[in-house]
1. Among the residues of the stretch 38-46, is there at least one that is modelled with pLDDT of 75 or more and within 23 Å of residue 148 (Cα to Cα)?
2. Restricting to the stretch 83-94, count the residues that are without any contact (Cβ under 8 Å) to a residue 24 or more places away in the chain and under 20 Å from residue 131 (Cα atoms).
3. Are any of the residues in the stretch 112-131 over 25 Å from residue 46 (Cβ atoms), surrounded by 13 or more Cβ atoms within 10 Å (Cβ to Cβ) and within 19 Å of the chain's Cα centre (by Cα)?
4. Out of the residues in the stretch 90-111 meeting the condition of being surrounded by fewer than 13 Cβ atoms within 10 Å (Cβ to Cβ) and within 25 Å of residue 142 (Cβ to Cβ), tell me which one is modelled with the highest pLDDT.
5. Report the residue count in the stretch 54-69 for those that are in contact with a helix residue (DSSP H, G or I) (Cβ under 9 Å, 6 or more places away or on another chain), crowded, with 18+ Cβ neighbours inside 10 Å and not in a strand (DSSP E or B).
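The values are calculated or read from the model by the stated rules, or taken from the named source; none is laboratory data. Keep in mind the model is a prediction, meaning the values are calculated, not measured. Every residue, glycine as well, gets a Cβ built from its backbone with ideal geometry; the counts of neighbours run over all protein chains shown.
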């Protein structure tokens with residue numbers, strides 16, 4: 001003989017389950033709204049937003065709201081060095097973190113590039129979304145709200161790389177997080193100086 005135990009639940013149980021579901025919905029919504037878009041300076045260790053940009057020949061200086069500075073040195077139409085420094089000091093050759101690291105990271109200095117390729121014309125512009133720093137070949141875009149950067153090849157009209165998150169600088173370490181497409185990989189990543 002079958003014993004059918006499918007009965008309607010008592011109204012008190014249904015109201016209790018509804019109240020718990022409503023409470024969970026409010027908690028999840030609050031957490032989602034609280035973790036929404038984060039400005040660059042609000043995320044732990046991220047660089048701040050751009051306060052101003054100045055230029056001295058082929059060198060561009062970006063001052064950030066969190067105190068750091070970035071120096072962009074354009075060596076060729078399609079080649080630049082990006083140097084982030086918390087004290088806004090930009091030595092020609094960064095000092096390694098450990099004295100036993102003697103390998104030269106920089107092959108040519110700025111004057112050697114200048115002799116070989118001449119001076120590089122760099123334009124600085126901005127619109128409501130981006131600061132744009134460009135040559136005839138490339139354009140570096142810095143998003144105003146987040147300071148995320150992306151680099152565009154102007155000749156081929158395509159993105160070369162773009163950041164998934166703003167640069168992070170903490171305890172003498174810098175992290176750049178790049179967006180990747182399927183089957184796309186990045187190797188190297190610049191001057192390690194002991195890391």
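1. Narrowing the stretch 38-46 to residues modelled with pLDDT of 75 or more: 45-46.
Narrowing the set further to residues that are within 23 Å of residue 148 (Cα to Cα) leaves 45-46.
Yes; the residues of the stretch 38-46 include at least one that is modelled with pLDDT of 75 or more and within 23 Å of residue 148 (Cα to Cα).
2. From the stretch 83-94, those without any contact (Cβ under 8 Å) to a residue 24 or more places away in the chain are 83, 85, 87, 89-93; that's our starting set.
Remaining after also requiring under 20 Å from residue 131 (Cα atoms): 83, 85.
Selection size over the stretch 83-94: 2.
3. Of the residues in the stretch 112-131, the ones over 25 Å from residue 46 (Cβ atoms) are 112-123.
From what's left, surrounded by 13 or more Cβ atoms within 10 Å (Cβ to Cβ): 113-114, 117, 120, 122.
Subsequent filtering for residues that are within 19 Å of the chain's Cα centre (by Cα) retains none.
Taking every residue of the stretch 112-131 in turn, none turns out to be over 25 Å from residue 46 (Cβ atoms), surrounded by 13 or more Cβ atoms within 10 Å (Cβ to Cβ) and within 19 Å of the chain's Cα centre (by Cα).
4. The selected residue is 91.
5. 1
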